[in-house]
1. From L123, L80, grab the single residue that is among the aliphatic types (A, V, I, L, M) and under 17 Å from G178 (Cβ atoms).
2. Restricting the search to the range 56-98, which residues are open to solvent by less than 20 Å² (accessible area, probe 1.4 Å) and in contact with a Cys (Cβ under 9 Å, 6 or more places away or on another chain)?
3. Would you pick out the residues in the range 24-45 that are open to solvent by less than 20 Å² (accessible area, probe 1.4 Å) and not hydrophobic (A, V, I, L, M, F, W, C)?
4. Check the range 13-23 and report whether any residue there is away from the ligand (no atom under 16 Å from the Cβ), within 16 Å of G166 (Cβ to Cβ) and open to solvent by 60 Å² or more (accessible area, probe 1.4 Å).
5. List the pairs whose first member sits in the range 148-162 and is farther than 14 Å from Q257 by Cα, whose second member is within 9 Å of the ligand (Cβ to nearest atom) and small (G, A, S), and whose Cβ atoms are under 8 Å apart, counting only residues at least 6 apart or on separate chains?
6. For L66, are the conditions met, namely being among the aliphatic types (A, V, I, L, M), more than 16 Å from the ligand (Cβ to nearest atom) and not in a loop (DSSP other than H, G, I, E, B)?
7. Among the residues of the range 69-78, is any of a type in the set (A, V, I, L, M, F, W, C) and within 26 Å of Y284 (Cα to Cα)?
8. Identify all residues within the range 252-281 that are more than 14 Å from the ligand (Cβ to nearest atom) and within 21 Å of A62 (Cα to Cα); write none if there are none.
Amino acid sequence: MTQMKAAITAVHGYVPEDIMTNHDLEKLVDTNDEWIRTRTGIEQRHILKGEGKGTSDMAVEAVRGLCEKRGIDPTDIDLLICATVTPDFTFPATANVITDKVGATNAWGFDIIAACSGFIYALSVGAQFIETGKYKKVVVVGADKMSSIIDYSDRATCIIFGDGAGAVLLEANNEGLGIIDSVMKSDGSGRAFLHQKAGGSVKPASHATVDAREHSVYQDGKTVFKYAVVNMADVSVEIMERNNLTSEDITWLVPHQANKRIIDATASRMGVSEDKVMMNIHRYGNTTAGTIPLCLHDWEKQLKKGDNLVLSAFGGGFTWGAVYVKWAYDSKS
Ligand code: UT7
């Protein structure tokens, strides 16, 4: 008998209306469109504007779209996991806010903090609840309002991030389709190179922390790049080898969108050609936990039942990993 798998049965994404182009950034910091495009592949990013708007507002759009597509009511959701580093509040969890706003009154939920690997961490956690048979409908959200923690005077960091959200629905599959394998890694010693210095229990907010701009992302970009480029490629190759996948077997690489150069290096190590790589970094920049579900959303119509997808990410923590997914449905249109 085929072992029950957790399959993605619907996906939806959302980016806010307002766009910040590279040329807009030229007015804020000493940078230029050519540098940003050639060093990162980014041309623009979407920014959530409006008083009182937070990460949950983008996630809500993604979850509502998901339910509509799948033809389910939010009350059918059993569990909602939200991956984010920009929660609406320190507590309660953004998952609680999302379930309330969408009317998922029968769901419980929690947040996962794993930065850019947040979505794949949450996906591998959510899958367990389906595989055990405990729940029937698990929603996994990746959402970040990065603009809320970006210092728009730090040219090395502000250029890569944007805001966005994506969500998938997980349901049981008995045809051998869904999440087949995952490899998750972390190395906390990497925290020195990518973190937010203040606002946690180690350094609570004070006038001094605000004056020192310590509530924004601190990134030693060069060092993070060095680790990302090696580890994202290594873990992607590891998941291929564990599952006896050749580059020909892979239909799509779905990489975290932090820097086009990291994505290209990963694809090249895997032997996967450019036409099999989902890449929307030029439109959205790095939306942290949002990048991978936003790729799935943008490519959904091209995905076919049985397609082999490798999702892979690297991010703050350090955290990294890869997930092997056999796509479970053909798009309706
Ligand atoms: O998403 C999760 C994890 N994050 C990542 O994976 C990000 C990894 N890091 C990166 O993507 C890259 O390190 C960045 C895009 C952040 C920076 O690119 P880089 O090629 O590593 O630049 P760099 O920091 O080595 O700087 C090279 C030069 C420096 O000038 P000098 O010292 O060579 O004269 C910088 O001052 O580029 C300069 N520079 C800029 N110039 C124009 C740095 N930022 C900018 C800028 N515009 N925005």
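The values are calculated or read from the model by the stated rules, or taken from the named source; none is laboratory data. No experiment lies behind these values; they were computed from the predicted model shown. Backbone-built Cβ (ideal geometry, glycine too); neighbour counts: all protein chains shown. Note: areas computed on protein heavy atoms with side chains; ligands, DNA, RNA excluded. Shrake-Rupley method; radii C 1.70, N 1.55, O 1.52, S 1.80 Å.
1. Working: L80 fails: under 17 Å from G178 (Cβ atoms).
None of the other options fit; the residue is L123.
2. S56, A59, I77, T94, A95, I98
3. T40, G41, R45
4. Checked against the condition, which is being away from the ligand (no atom under 16 Å from the Cβ), within 16 Å of G166 (Cβ to Cβ) and open to solvent by 60 Å² or more (accessible area, probe 1.4 Å), the range 13-23 yields at least one hit.
5. Matching pairs, first to second residue: A156/G221; T157/G221.
6. Spelling it out, L66 is indeed among the aliphatic types (A, V, I, L, M), more than 16 Å from the ligand (Cβ to nearest atom) and not in a loop (DSSP other than H, G, I, E, B).
7. The answer is no; no qualifying residue exists.
8. Within the range 252-281, V254, M278, M279, N280 qualify.
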